[in-house]
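Asks: A single structure is presented below for examination.
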Amino acid sequence: LKVEYKRPAKLFGFIPVAYYHAFTVDGKGNIAQGHPWWLIFATNDAGNFASTVVSDFKKQQDQLHWVKAPTALQRVAQQFNTLTNILKARHDASQQAISNLK
């Protein structure tokens, strides 16, 4: 299961660009994250963003640990829903903060 999220960055500190931050969940509920190699040349919050999403995902999984999905497909669907809900909530919060500035 792989979910990608579009994030802003500034290449060389001044050129606005966007990149995709990917999160991958395996069948056991382990989450990994990745981003493009060229991000080392950009200012960004990839580390903070990734640690927050991974932390939120693990909290959600711990809370749902007592719910045993009967099939592997249902476990993957549950993990996908958890990850997309976390990313949607972060996106909505960012959009609300931007609209409050206007």
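FYI, it's all coordinate maths here, none of it is from the lab. Since we're looking at a predicted model, the values are computed, not measured. All Cβ positions, glycine included, derive from the backbone under ideal geometry; neighbour counts span all protein chains shown.
Asks: Could you tell me which of 85, 41, 71 has its Cα farthest along the dipole of segment 1-90 towards the positive end, charges placed at Cβ (Lys, Arg +1; Asp, Glu -1), taken about the Cα centre?
Replies: Comparing the listed Cα positions along the dipole, 71 ranks first.
Asks: Run the helix sum for the chain: -39,500 (n - 2.57) per DSSP H stretch of 4+ residues, divided by residue count, reported at 222 nm to the nearest 500 deg cm²/dmol.
Replies: -16500 deg cm²/dmol
Asks: To one decimal place, what orientation-averaged projected area in nm² is obtained for the convex hull of the Cα set of the chain?
Replies: 7.3
Asks: Where does helix 72-101 land angle-wise versus the long Cα axis of the chain, in degrees 0 to 90, nearest 10?
Replies: It is inclined by approximately 30 degrees.
Asks: With respect to the cross-link table entries 6/59; 2/88; 10/58, which display a Cα-Cα separation exceeding 21 Å?
Replies: 6/59; 10/58
Asks: Angle between the Cα long axis of helix 46-63 and the longest principal axis of the chain, 0 to 90 degrees, nearest 10?
Replies: Taking Cα atoms only, the helix is inclined about 20 degrees.
Asks: So for the chain, averaging the separation of alpha carbon pairs under 8 Å that are six or more residues apart and normalising by length, what relative contact order in percent results?
Replies: Rounded, it is 24 percent for the chain.
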